[in-house]
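Below: the structure, in structure tokens.
The values are calculated or read from the model by the stated rules, or taken from the named source; none is laboratory data. Just so we're clear, the structure is a prediction, and the values are computed from it rather than from any experiment. Cβ placement follows ideal geometry from the backbone for every residue including glycine, while neighbour counts extend to all protein chains displayed. Side chains are part of the model used for accessible areas, which takes the heavy atoms of the whole protein and leaves out ligands, DNA and RNA. Shrake-Rupley method; radii C 1.70, N 1.55, O 1.52, S 1.80 Å.
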Amino acid sequence: MPEFRTARRSNGTFAASRSGWCDRGKPESTPTALPGLLKKFRLGDVTTEVQWSDLQRDPKGVAALADQGDVRVRRRDGVPLLLVREDSATSAADGAVGAARTLRNALSHLPGEAAAEVLVEEFPWADLLPEADRLQFVSDFVRAVGASAELGRWTVLAQVLVEWKATAAVYADPALVAELSRSLDDDLGPVPAPTGS
């Protein structure tokens with residue numbers, strides 16, 4: 001059984017390196033040194049971190065680690081990959097769909113202002129929206145939660161939040177609201193036809 005040396009990282013997690021590796025993660029001169037796999041311990045879950053080269057050298061070893069928990073694969077030329085067992089991913093997706101349906105049902109059965117108050121607690125910037133926009137935000141949020149959960153694409157909800165937060169930022173600047181709200185009385189001339197690029 002390999003031994004691990006632990007050290008506390010600046011982000012509060014713990015990293016453990018297998019014996020046979022020095023503190024900086026570089027192999028000692030022994031030819032039997034195992035790849036520099038790091039284990040990070042956080043509340044409730046364990047994520048093992050490996051380098052892309054570790055996955056290439058020892059795919060079965062990395063697969064064995066994935067049986068114990070999620071494995072983050074670090075790459076020099078891109079965003080890290082996450083290796084997750086299919087049954088874990090399916091359970092997480094099913095749980096997300098169930099939670100999203102429950103949230104959607106709860107919010108849709110509340111009166112509009114009560115639902116808005118619930119969302120303002122989580123997203124304080126929504127309080128800057130006028131009442132009609134706040135109610136529209138609730139409606140868009142409920143629909144986006146449902147769509148995101150059903151599709152497994154949380155970017156749908158993320159986009160709704162980004163757009164409404166940007167709208168709230170406009171309302172936070174009275175001069176900008178006045179400028180964007182004023183009527184355009186001047187004739188600015190004909191609008192040119194769009195050009196293809």
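Overview of results
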{"quantity": "Filter pass, Arg134 being among the charged types (D, E, K, R) and modelled with pLDDT under 85", "calculated": "no"}
{"quantity": "Count of residues meeting criterion [more than 17 Å from Trp52 (Cβ to Cβ) and part of a strand (DSSP E or B)] in the stretch 64-101", "calculated": "0"}
{"quantity": "Residues that are surrounded by 15 or more Cβ atoms within 10 Å (Cβ to Cβ) and hydrophobic (A, V, I, L, M, F, W, C), drawn from the stretch 85-96", "calculated": "Ala96"}
{"quantity": "Selection from the stretch 176-197 of residues that are open to solvent by 70 Å² or more (accessible area, probe 1.4 Å) and aliphatic (A, V, I, L, M)", "calculated": "Leu180, Leu184, Leu188, Val191, Ala193"}
{"quantity": "Any pair with Cβ under 6 angstrom, 6 or more apart, that starts in the stretch 124-144 at a residue that is in contact (Cβ under 8 Å) with a residue 12 or more places away in the chain and farther than 18 Å from Ala158 by Cβ and ends at one that is open to solvent by 40 Å² or more (accessible area, probe 1.4 Å) and hydrophobic (A, V, I, L, M, F, W, C)", "calculated": "Leu128/Ala172"}
{"quantity": "Identity of the residue in the stretch 147-178, within 13 Å of the chain's Cα centre (by Cα) and outside any helix (DSSP H, G or I), that ends up farthest from Glu131 (Cα to Cα)", "calculated": "Gly152"}
